[in-house]
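The values are calculated or read from the model by the stated rules, or taken from the named source; none is laboratory data. A quick note: this is a predicted structure, and the numbers were derived from the prediction, not measured. Cβ placement follows ideal geometry from the backbone for every residue including glycine, while neighbour counts extend to all protein chains displayed. Surface areas here come from the heavy atoms of the whole protein model, side chains and all, with no ligands, DNA or RNA. Shrake-Rupley method; radii C 1.70, N 1.55, O 1.52, S 1.80 Å.
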Amino acid sequence: MSLESSCAAILRNAPSDRVSIRVDVITVDKTQMEKVAKAIDSGDIAVEVGNTGSQLGASYSSWKGRRLDPGEKKLIGKITVGSANVVNNVIGKAAVFHESVHALMDVADIKVIMHNDEVIAYLADAMYLKAMNMTSIGGDPLAKAIYAAAFKLIDDRKLLTMRGTKLTWSDCDALRDAIKAHPAYR
């Protein structure tokens, strides 16, 4: 299976179907993530192995508005993973899911400020992890604080048992504050 088809499969297979939330006007659920999977399948979102930086296991680069080189195909964006093996473990799959939520903003043409984009991506990522019975994350204390805030919101609002729960941005204040405290998001 190619890296692209493995990433698209993450969005189509369990436990991605358990992620079903709405924050303000942004919905992340199986139907919306299928749009990203189709964009990966069609090559409109590239997937490649490369450098994701010292603080990230995967990254998404939006190419909306990007100036193209002559003969270059217009893409929506690119998901970069640190290794082809990320699709073989829970943390790696959750990272792909997280970056795919960022890609969804481009696919669905949703405008959202950076910190709110991270809120929805981390919340979906944490729901994916929790659905896989993973409730703690290693790493630096500030990254752990982001996941702790996301897990708390999931538990408090019973997000994995009540599909399509609608949240407001203010419901996510503690998660946003934890994200803003991390140097990667300042």
Determine which member of the set A95, A103 is in contact (Cβ under 8 Å) with a residue 40 or more places away in the chain, crowded, with 18+ Cβ neighbours inside 10 Å and part of a helix (DSSP H, G or I). A103
Taking the stretch 106-125 and keeping residues out of contact with any Leu (no Cβ under 9 Å at 6 or more places or on another chain), touching a residue at least 24 places away in the same chain (Cβ under 8 Å) and under 16 Å from A184 (Cβ atoms) leaves M114, H115, N116, D125
Okay, strands (runs of 3 or more DSSP E) sitting entirely in the stretch 12-90 with 2 or more residues that are under 13 Å from L104 (Cα atoms), I get 26-28, 58-62, 77-81
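To keep it simple, each residue is scored yes or no on (1) open to solvent by less than 10 Å² (accessible area, probe 1.4 Å); (2) at pLDDT 95 or above; (3) not hydrophobic (A, V, I, L, M, F, W, C).
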{"residue": "V23", "(1), (2), (3)": "yes, yes, no"}
{"residue": "V49", "(1), (2), (3)": "no, yes, no"}
{"residue": "R67", "(1), (2), (3)": "no, no, yes"}
{"residue": "N89", "(1), (2), (3)": "no, no, yes"}
Could you say whether any residue in the stretch 119-136 is at negative phi, open to solvent by 40 Å² or more (accessible area, probe 1.4 Å), in contact with a Phe, Trp or Tyr (Cβ under 9 Å, 6 or more places away or on another chain) and in a helix (DSSP H, G or I)? yes
Within the stretch 155-177, is even one residue under 28 Å from I40 (Cα atoms) and in a helix (DSSP H, G or I)? no
Every residue from the stretch 166-186 that is open to solvent by 20 Å² or more (accessible area, probe 1.4 Å), out of contact with any Phe, Trp or Tyr (no Cβ under 8 Å at 6 or more places or on another chain), in contact (Cβ under 8 Å) with a residue 40 or more places away in the chain and under 22 Å from S20 (Cβ atoms): K166, T168, W169, D171
